[in-house]
Structure formats: structure tokens, C-alpha cells
Amino acid sequence: MKKNVIKIFTLFMFFSFSSLYASGPAADAFSHEASTKKVETYQTQSFSEMIDGFINSTGVKAFMSPNLDELSSHGEKMSDFHKSWGRIIMILIAFLLFYLAIAKGFEPLLLLPIGFGGLLANIPVAGIAGPDGFLGIMYEMGLANQFFPILIFMGVGAMTDFGPLLSNPKTALLGGAAQFGIFGTLVGAVALAQYTSIFDFTLQQASAISIIGGADGPTSIFIASKLAPELLGAIAVASYSYMAMVPIIQPPIMKALTTDAERRIKMSTLRHVSRLEKLVFPIMVLVLAILVLPDATPLIGAFMFGNFLKESGVVDRLSDTMQNALINIVTIFLGLAVGSKLAADQFLVADTLAILALGVVAFSAGTAAGVIMAKIMNLFPGNKINPLIGSAGVSAVPMAARVSNKVGMEYDRSNMLLMHAMGPNVAGVIGSAVAAGILISLFS
């Protein structure tokens with residue numbers, strides 16, 4: 001009993017001295033230092049100074065009288081033009097994208113997120129596209145590491161039907177021909193860099209730019225992140241812009257290269273493709289890619305995985321998720337992330353404008369090559385091919401196929417070309433991924 005009393009008395013004395021020390025001079029000094037630091041974080045201001053501070057933090061002030069010390073999202077100095085008029089120009093371009101998407105119906109799933117991302121990226125002061133802004137975070141988590149393109153390919157694979165291609169295998173040649181735009185632009189970009197002082201692109205940069213000719217946004221991002229990460233933003237913007245502009249760019253080229261009689265050609269009914277064929281095809285393509293071109297397997301593998309689940313018929317929930325929820329969510333994030341590169345200091349520069357110019361050349365050349373290949377194939381015996389479906393050889397799926405069908409119906413309302421055009425269209429998806437793999441294996 002006596003020992004227990006001594007222990008309790010000892011504990012009581014210990015806690016008493018501890019509390020005295022906590023309220024002693026040392027504690028007072030610590031609390032004084034902490035309160036001093038708290039005071040130093042905010043300086044008392046008069047009402048007029050507070051009003052001046054608020055005015056200086058407004059967007060109007062930032063547009064009219066830019067901060068000389070303002071840095072871009074990359075931490076680099078910006079010109080006065082990019083801080084003021086450049087931002088205004090890009091905001092107007094964002095509104096133009098809204099108009100094209102809503103009033104004209106030009107791929108709103110792409111243009112609306114991209115346009116809104118561009119609008120947010122050009123808001124001064126907020127730093128939305130910077131490394132700590134939510135657009136910058138989206139860009140780093142999905143574009144810079146190739147994650148979004150692979151998820152997009154997975155969803156596109158789940159939505160793709162290889163039936164039209166398998167029922168008429170020769171249309172694969174149209175998808176292959178359309179890749180001429182990629183390799184032709186590669187040669188042209190290298191020649192311009194070598195023989196002129198206008199461009200100064202390396203082989204890796206020229207390869208990444210040329211893939212825009214396939215009109216395949218995910219593939220463009222994939223190859224740019226590997227070969228020319230410094231151009232990734234500009235290439236992503238150019239590629240997705242041209243994907244959305246398919247209904248504007250392609251029809252004049254298609255009409256210029258075909259006659260009225262060629263546009264009216266009716267193609268024979270497609271044969272039925274068995275379920276076994278549709279199951280074997282994605283596995284066969286993936287095995288060939290693994291054996292011949294492993295560099296292309298991330299994209300081709302994701303594409304074939306999505307398609308294989310769809311054709312298996314036993315995982316409808318997974319296939320439905322990839323076709324709808326997954327690809328819709330990723331499209332939102334990807335569109336905003338691409339739009340973040342529409343910031344004035346990144347878009348209104350010589351390199352980006354040069355990439356846009358080379359990109360439209362590449363895309364136009366790919367469209368023309370597909371149409372010309374169809375005309376060449378019609379010189380040989382066999383069922384005739386409507387050359388309009390040759391333009392669908394670019395891998396903007398299913399946009400390019402819809403454009404082929406729309407132009408064909410302008411000349412004959414009963415001429416349905418959509419399913420026929422899907423053959424070269426899905427072949428173009430595979431072709432652009434293969435082309436990317438070849439360029440990565442050659443120049444990485």
C-alpha cells in the first residue's frame with residue numbers, strides 16, 4: 001500500500017512540473033515566435049489598398065496591363081503579345097471551335113472539350129494549365145505518359161466491327177495507301193529541314209509530325225511522347241484538330257480526284273462473316289505485331305483487346321463499359337488536356353504553326369493517296385470500288401467513313417457506302433499504328 005502511494009505521488013509531481021514548464025518562459029517564447037510568424041503572413045492594409053489589390057488581380061487588368069514578371073505554365077518568360085492579344089486571339093479560336101461543334105456538328109465530342117480546355121488555358125492569373133492546375137495535372141497523368149491514347153484505343157476496339165474488312169479484304173490496300181501521307185510528309189519535312197532555313201526538325205521530330213497524316217490522335221500522341229516529347233502538345237493539338245476537321249478537309253479532295261460516274265459506283269453486298277473469323281482476326285493481328293513489330297503492340301494490343309472482348313460475346317458488361325463509360329470519361333480528360341496546349345504562348349509560335357501546316361499537308365496527301373489507290377484498283381478485273389471510300393483509309397474512325405458515305409449520297413441517294421467505307425477505315429487504324437511502330441523502331 002505504501003509503495004502504491006509513493007508511485008502515485010511521484011506521477012503527480014511529474015505532471016505538475018511538466019505543466020509548469022509548458023507555461024514557463026520557453027513556452028512563452030515559442031508561442032510569441034509562432035504568433036509573430038502568423039502576423040507576418042498578412043500585412044494590415046487600408047481600404048483603398050485593398051481595392052487596388054483587388055483591381056490588380058482581375059482578368060481585365062491582366063489583359064490590359066500584363067504583369068512583367070508573369071511566367072508561362074512551363075515557368076518561362078512570356079512576351080507581352082502572348083499575355084494580352086495572344087490570349088484574346090486564342091479565346092476567340094475557342095469560341096470558333098464551339099461554333100463548329102454546336103452549329104455545324106463537326107465532331108462535338110472532340111471540339112467541345114478541346115475548345116473549353118483552350119478557353120481555360122488562356123485565363124490569366126489562375127494558372128489552370130500550369131503544373132499545379134487541373135488541366136496541367138490531366139496532361140501529365142494521361143498524355144505525357146501515353147495512358148489516355150491506349151485507353152482510347154481499347155474503347156475504339158470495342159466499338160469496331162472488322163466484318164466489312166474481312167468480307168472484302170482488298171479494301172485493306174486502301175488503308176495501307178492512305179499511310180503514304182505519313183511517309184511522304186516525313187520525307188518532305190526532312191528535305192525542308194535539310195535544304196531550307198525555314199524548318200529545323202530532326203528525324204525524330206519529323207517522324208512524330210508526319211504521323212498526323214494518319215488523322216489518328218492517340219497514335220500521334222503515342223509516337224510524339226517517345227520520339228519528340230518537346231513537340232507533344234503541338235502535335236496533339238494539330239492531330240485532333242484535323243480529326244475534327246475531316247468533314248471540311250476531305251470532300252474537296254475527294255471530288256477533285258473523282259469523276260461523276262466514279263462517285264455513283266455501287267458496290268456489291270458484303271458477304272456474311274462468321275463469328276469464328278471475327279474471333280481469330282484480332283488474335284492473329286496481335287501475334288503478327290508481336291513477331292514483326294513489337295514497338296506497335298501497346299496500341300495494337302489495346303485495340304485488339306477491346307475488339308476481342310466485344311466479339312467473344314461472353315463479357316457484355318466489360319465490352320459495354322469500354323464502348324461507353326470508359327471511352328466517354330477518357331475523351332473528356334483527353335480533350336481538356338489537349339486543349340490546355342492551346343495557350344497563346346504555346347500555340348502562337350513558329351514551331352506549332354509549322355506543325356499545323358505540315359499536318360494538313362500530311363492529312364491531305366493521305367486522303368488523296370487512298371482515293372487514287374481505289375482508282376488504280378478499278379483498272380484491274382473484278383468488282384469495282386467506289387473511289388470515295390479510299391479517303392476513309394485515314395484512321396479517323398468512324399468520321400472518315402461517314403464522310404465517304406455522305407459525299408456518295410450527294411450524287412445518288414440510294415448509294416449507301418458506309419459499311420464499305422468501314423473496311424479501309426479500320427484498316428487505316430491498324431496501318432497508322434504499324435507506321436508508328438516502324439518509325440519508333442527506326443528512329444528511337
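Can you tell me which residue in segment 247-276 is surrounded by the most Cβ atoms within 10 Å (Cβ to Cβ), limited to those that are assigned to a helix (DSSP H, G or I) and in contact with a Ser or Thr (Cβ under 9 Å, 6 or more places away or on another chain)?
Once the filter is applied, the top-ranked residue is Gln250.
For segment 154-176, indicate whether the set of residues that are touching a residue at least 60 places away in the same chain (Cβ under 8 Å), under 19 Å from Leu286 (Cβ atoms), open to solvent by 10 Å² or more (accessible area, probe 1.4 Å) and of a type in the set (Val, Ile, Thr) is non-empty.
Yes, there is a match, as at least one residue in segment 154-176 is touching a residue at least 60 places away in the same chain (Cβ under 8 Å), under 19 Å from Leu286 (Cβ atoms), open to solvent by 10 Å² or more (accessible area, probe 1.4 Å) and of a type in the set (Val, Ile, Thr).
Could you go through segment 112-123 and let me know if any residue there is surrounded by fewer than 19 Cβ atoms within 10 Å (Cβ to Cβ), more than 27 Å from Val429 (Cα to Cα) and of a type in the set (S, T, N, Q).
No, the conditions are met nowhere in segment 112-123.
Here is a list: Phe134, Phe106. Which entry is surrounded by fewer than 19 Cβ atoms within 10 Å (Cβ to Cβ), in contact with a helix residue (DSSP H, G or I) (Cβ under 7 Å, 6 or more places away or on another chain), more than 22 Å from Ala296 (Cβ to Cβ) and outside the structural domain of Ile372 (by TED's automatic domain parsing)?
Being surrounded by fewer than 19 Cβ atoms within 10 Å (Cβ to Cβ), in contact with a helix residue (DSSP H, G or I) (Cβ under 7 Å, 6 or more places away or on another chain), more than 22 Å from Ala296 (Cβ to Cβ) and outside the structural domain of Ile372 (by TED's automatic domain parsing) holds for just one of Phe134, Phe106, which is Phe106.
Here are the criteria: (1) modelled with pLDDT of 85 or more; (2) in contact with a Ser or Thr (Cβ under 8 Å, 6 or more places away or on another chain). Tell me which single one Gly359 does not satisfy.
Against the list (1) modelled with pLDDT of 85 or more; (2) in contact with a Ser or Thr (Cβ under 8 Å, 6 or more places away or on another chain), Gly359 comes up short only on (1).
Residues checked against (1) open to solvent by less than 10 Å² (accessible area, probe 1.4 Å); (2) among the hydroxyl-bearing types (Ser, Thr, Tyr); (3) under 21 Å from Ala369 (Cβ atoms):
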{"position": "Ala208", "(1), (2), (3)": "yes, no, yes"}
{"position": "Ile212", "(1), (2), (3)": "yes, no, yes"}
{"position": "Ser225", "(1), (2), (3)": "no, yes, no"}
{"position": "Glu230", "(1), (2), (3)": "no, no, no"}
{"position": "Ala234", "(1), (2), (3)": "no, no, no"}
{"position": "Ser239", "(1), (2), (3)": "yes, yes, yes"}
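Return the total of residues in segment 370-397 being within 21 Å of Ser241 (Cβ to Cβ), modelled with pLDDT of 90 or more and of a type in the set (A, V, I, L, M).
Counting residues in segment 370-397 that are within 21 Å of Ser241 (Cβ to Cβ), modelled with pLDDT of 90 or more and of a type in the set (A, V, I, L, M) gives 1.
Look at segment 150-187 and say how many of its residues are part of a helix (DSSP H, G or I) and within 23 Å of Leu203 (Cα to Cα).
Within segment 150-187, residues that are part of a helix (DSSP H, G or I) and within 23 Å of Leu203 (Cα to Cα) number 10.
I'd like the full set of residues that are surrounded by fewer than 24 Cβ atoms within 10 Å (Cβ to Cβ), at pLDDT 90 or above and outside any helix (DSSP H, G or I), limited to segment 416-444.
Scanning segment 416-444 gives a single hit, Met416.
Could you give me the residue pairs with C-beta distances under 6 Å whose first residue belongs to segment 234-247 and is assigned by TED's automatic domain parsing to the domain that holds Asn425 and polar (S, T, N, Q), whose second residue is in a helix (DSSP H, G or I) and modelled with pLDDT of 80 or more wherever it lies, and which are 6+ apart or on separate chains?
Ser239/Ile212; Ser239/Gly217; Ser239/Ser220
Looking at Ala400, is it open to solvent by less than 10 Å² (accessible area, probe 1.4 Å), at pLDDT below 85 and under 18 Å from the mean Cα position of the chain (by Cα)? Spell out how you get there, then give the answer.
On the way: open to solvent by less than 10 Å² (accessible area, probe 1.4 Å): yes; at pLDDT below 85: no; under 18 Å from the mean Cα position of the chain (by Cα): yes.
When the stated conditions are applied, Ala400 does not pass them.
The values are calculated or read from the model by the stated rules, or taken from the named source; none is laboratory data. Because the structure is a prediction, the values reported are computed rather than measured. With ideal geometry, Cβ positions are generated from the backbone for all residues, glycine too; neighbour counts draw on all protein chains shown. Quick note on the areas: whole protein, heavy atoms, side chains included, nothing else; ligands and nucleic acids left out. Shrake-Rupley method; radii C 1.70, N 1.55, O 1.52, S 1.80 Å.
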